[in-house]
Every structure is written in C-alpha cells, then in structure tokens.
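The values are calculated or read from the model by the stated rules, or taken from the named source; none is laboratory data. The shown structure was predicted, so the numbers you read here are calculated from the model rather than taken from an experiment. Cβ coordinates were reconstructed from backbone atoms using ideal geometry, including for glycine residues, and neighbour counts include every protein chain displayed. Accessible surface is based on the protein model in full, side chains and every heavy atom, while ligands, DNA and RNA are left aside. Shrake-Rupley method; radii C 1.70, N 1.55, O 1.52, S 1.80 Å.
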Amino acid sequence: MLPFKRDFNAARLNRVVNDPSVFPDVALPEQESLDLSPLATDFRNIVLMCDEGGILAKFQEPGVYEIHTQFTEKYRGVSSMKTVREMFSWLFLHTPAMELQSQVPGSNAGALAVTKAIGARFEFDRAEAWRTRDGKAHTVGYYVLRYSDWLYQPYAAGPLSGVGAAFHKDLEAR
C-alpha cells in the first residue's frame, strides 16, 4: 500500500501548510494563515497526502501541473524524498500528467533538495520573484519534470515494471 492517498478536501493539506515548520516557507508577507480549500476541491487539481505532508498538483493546462510540495519537520529528509518520488510516479501513471513544473525560492533549501532528488530539470531563474515573511526578496528557480525524462529516472523502474506485469497478466487472462 502506498504511504499516501488522494485527498478531495483540504483538511490535511491546510494542517501541513499552516504548521510552524512549513508556513514561513510558503506564506506571503501579509498572510497570517492559509486555506487551500478552493484548490483541493477543484477536481482538476490533485492533492496527494500522507500524515505529515504531500503535494498539490495544480492544473495549468491539459497534461501540465504546477507542483507544490510541503512536509512538516517530522517527515523531512530521506522519507519525504522517497514519498515524493512515489507521488510523482503515481501522477505520471494514473493521471493525464505529462509535465510537472515547480518554482523553488532560493530561500528554501529543502524544496531545492527534493526537486533535484526527483530529477527535475532547471529551466531558468527570476531574480527577486519571491518575498518571504520577513520581506526579503529571493530568486526563484523554475524546474520541470516531463514524462519522457521521468521514464529514465532510476526510481521509475519499480512503478513501470508493476504496470507492465499487470498489463501482461491481463493480456494472458483475455
């Protein structure tokens, strides 16, 4: 069983983004709290959550999603990277996703580490595009992981072999 599930409400997502270990990295200077309910209840968007975090895949256009990753301090590190890889594999295998885009503020070293761990490709930077709660401006890096690039990531082999085995089993049964 996967360590995450798709949520259709924002209860767990809101709890995580408002956690003191996450909120400073995702909030704009004037925000006191976040309510992502409108995004979670829009069926074009995909929310994949475990108890201490997950991803919001925000629909941009058919096949293209903007990814927002958030994990509490309790679940950061190797465990969260493994979970994010499984979530990305799930998106590519079970949704129309063909391209996953992410914007990573220079102030968020953890988000950059996850972005690199899943094999996303750097596209470009925008100087002073993100302001943290303290008002400081940071450069934002733009990254993308396309289906054709995901196929060659070492972590894709397991999910792909499972799909292939299921396909052949079904083919034999027919």
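What to note about this one:
- Residue tally, condition in a helix (DSSP H, G or I), exposed (fewer than 10 other Cβ atoms within 10 Å of the Cβ) and in contact (Cβ under 8 Å) with a residue 60 or more places away in the chain, over region 122-174: 0
- Residue within region 101-108 that is under 16 Å from the mean Cα position of the chain (by Cα), surrounded by 16 or more Cβ atoms within 10 Å (Cβ to Cβ), among the aliphatic types (A, V, I, L, M) and under 24 Å from R76 (Cα atoms) present: yes
- The lone criterion from (1) more than 30 Å from A157 (Cβ to Cβ); (2) assigned to a helix (DSSP H, G or I); (3) touching a strand residue (DSSP E or B) at 6+ places or on another chain (Cβ under 9 Å); (4) at pLDDT below 95 left unmet by L39 is number (4).
- Within region 42-85, restricting attention to residues that are assigned to a helix (DSSP H, G or I) and of a type in the set (A, V, I, L, M), the residue that is farthest from V17 (Cα to Cα) is V78.
- R85 vs. criteria touching a strand residue (DSSP E or B) at 6+ places or on another chain (Cβ under 7 Å), surrounded by 12 or more Cβ atoms within 10 Å (Cβ to Cβ) and in contact (Cβ under 8 Å) with a residue 40 or more places away in the chain: no
- Tabulated pairs, region 37-61, first in contact (Cβ under 8 Å) with a residue 60 or more places away in the chain, second of a type in the set (A, V, I, L, M, F, W, C) and open to solvent by less than 10 Å² (accessible area, probe 1.4 Å), C-beta under 7 angstrom, 6+ apart or interchain: none
- The condition of being crowded, with 19+ Cβ neighbours inside 10 Å and not polar (S, T, N, Q) holds for only one of L28, L112, L48, that being L48.
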